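The values are calculated or read from the model by the stated rules, or taken from the named source; none is laboratory data. Just so you know, these numbers come straight off a predicted model, no measurement behind them. All Cβ positions, glycine included, derive from the backbone under ideal geometry; neighbour counts span all protein chains shown. When the accessible area is computed, the model is the full protein with side chains, heavy atoms only, and any ligands, DNA or RNA have been set aside. Shrake-Rupley method; radii C 1.70, N 1.55, O 1.52, S 1.80 Å.
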Amino acid sequence: MQESILACGEASGVLPNLLVDTTVLAPADRFEFWHALVAQETAPAHISSAQLDNFVAYAQAIDLGPIRLTSLRYPSLDSTRPAQLVRRAEADVYQLALPLTGRNVLTQDRNESAFEAGNHFTLLDTARPHVARHSADGPGLAATITVQIPHAALPFAPDLLRRLLAMTMPSHLGVGGLLANHLRSVAAQPEQYGQADAEVLGRVALDLLTAMLAQHLDVEGTLSPEARHTALRARVVDFIDRHLGSAELSPRSVAAAHHISLRSLHRLFEGETTTAAELIRVKRLEQCRRDLGSPLHLRQPVHAIAARWGFADKAHFSRLFRARFGLSPQAYRAAAHQRSRS
């Protein structure tokens, strides 16, 4: 069975993570291995599936400091965690789930909810029994991202969080959307981060999760300054990303949209590598670079691409582009298309 696990990250400097592929095992051994993996990575449970004789599944678990992120793909299955298994648990852990595909129904603490894939989070408490049904779309595999969070890592009493167990929380709006984007990004490309980034990535996720839960509990005033800072900065960056093409986008308009002073906005970026103004400029230049290198925009004039991303002055845009990428916009476009033809 050890062939089915590939541990990576410690030697290569990337995020510490574990890869699992049951297809390297004999079909008769796959489900038994997966069952043991679930007990190790999430919580012990009784699992049943129509695919027991050939259980094809994949997993990647990534350590992010205070939390553990797991990306899972698996056939349709039912999972039950009864009271007797709860009593065997070594630690109390919350599990945040973000179903990406399939249909999911969850029951815990007298709450039952059906979750729309890609649009909802749900929170489980592994210290309590629960029942979950995961149905894949057609013959494919269901996909879910989960996060394991120790009870002590969240600033809420367990009795308070019971109100949210097995309830739907939007993962495409507000702070929930920022959290989902963050988790998806890490899960999709862990290789773009170094081992030293794990703690920071975990803290960002934890602060966004804390802010999301506080909103649903209506206790935002109890958050730590650090959590409020992280959540607000994430909302600001998301706002900038969604308004890059607007000629009105500026630090002043960003501050006004978030009901904070310009000085408060600048404080959000203290200690960062860029100011708010620099972040807007860099993100706009990156969009221009992408479009200039795309065959889809080959017939569009350089000035039209620049204007689409907020650069009204062609000469000013050319100076900024050359300073950042070492080539004029025209030369960059020519080189990019030459590479695509070779």
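Some observations on this one:
- Residue 112 - accessible surface, heavy atoms, 1.4 Å probe, Å² rounded to 10: 120 Å²
- Distance (nanometres) between label positions extended 7 Å along Cα→Cβ at residue 78 and residue 220: 4.1 nm
- Descending Cα extents along the principal axes, the chain, whole Å: 70, 54, 38
- Region 227-342 - percent relative contact order, Cα under 8 Å, separation 6 or more: 23 percent
- Among 319, 133, 73, the largest mean-square fluctuation in a Gaussian network model of the chain (Cα springs under 10 Å) belongs to 319.
- Between 243, 297, 46, the residue with the greatest mean-square fluctuation in the GNM of the chain (Cα pairs under 10 Å linked by springs) is 297.
- Calculated P(r) tail over 26 Å for region 150-290, as whole % of Cα pairs: 29 percent
- Heavy atoms of residue 298: accessible area, 1.4 Å probe, square angstrom to 10: 90 Å²
- Altogether, the Stokes-Einstein calculation at 20 °C and 1.002 mPa s, with the Kirkwood radius of region 34-86 over Cα pairs as Rh, returns a diffusion coefficient of 175 µm²/s.
- Relative contact order, percent, the chain [alpha-carbon distance under 8 Å, six or more residues apart]: 13 percent
- Charge-dipole axis of the chain as Lys and Arg at +1 and Asp and Glu at -1 on Cβ define it, positive-most pick from 337, 231, 22: 337
- Summarising the label geometry, the points placed 7 Å from Cα in the beta-carbon direction at residue 324 and residue 281 lie 1.0 nm from one another.
- Two-site FRET efficiency, residue 173 against residue 303, from Cβ-Cβ distance with R₀ of 45 Å, rounded to 0.05: 0.80
- Comparing 65, 221, 202 in a Gaussian network model of the chain (Cα springs below 10 Å), the most mobile by mean-square fluctuation is 221.
- Estimated at the nearest 10 Å², the accessible area of residue 291 is 0 Å² with a 1.4 Å probe.
- Within-14-Å neighbourhood charge of residue 201 [Cβ basis; K, R +1; D, E -1]: -2
- Every Cα-Cα pair of region 55-153 was included, and the share exceeding 16 Å stands at 59 percent.
- The modelled label-to-label distance between residue 85 and residue 264, using points 7 Å beyond Cα along the C-beta direction, is 4.6 nm.
- Farthest positive-ward along the chain dipole, Cα basis, beta-carbon charges - from 37, 105, 143: 143
- Region 200-342 - charge dipole about Cα centre, Lys and Arg +1 at Cβ, Asp and Glu -1, debye rounded to 20: 920 debye
- Extension gain, residue 127 to residue 58, is 22.3 nm, computed as 0.36 nm per intervening residue step minus the present C-alpha separation.
- Apolar share of the accessible surface for region 100-139: 48 percent from carbon plus sulfur atoms, 1.4 Å probe.
- Using only side-chain charges placed at the Cβ, +1 for Lys and Arg and -1 for Asp and Glu, the dipole size of the chain relative to its Cα centre rounds to 1700 debye.
- Angle in degrees between helix 198-217 and the longest Cα principal axis of the chain, rounded to the nearest 10: 80 degrees
- More than 17 Å apart - percent of Cα-Cα pairs taken over region 245-342: 55 percent
- Segment residue 112..residue 314, full-extension length gain: 67.0 nm, with 0.36 nm per residue of separation and the alpha-carbon distance subtracted.
- Other residues within the sphere of radius under 12 Å centred on the Cβ of residue 226, judged by their own Cβ, net out at +2 (K and R +1, D and E -1).
- The charge dipole of region 35-189, taken about its Cα centre with unit charges on the Cβ of Lys, Arg, Asp and Glu (plus for the first two, minus for the last two), comes to roughly 140 debye.
- Loop-resident sites, region 15-98, for GluC sites (Glu not before Pro), counting at most 15 other Cβ within 10 Å (DSSP): 90
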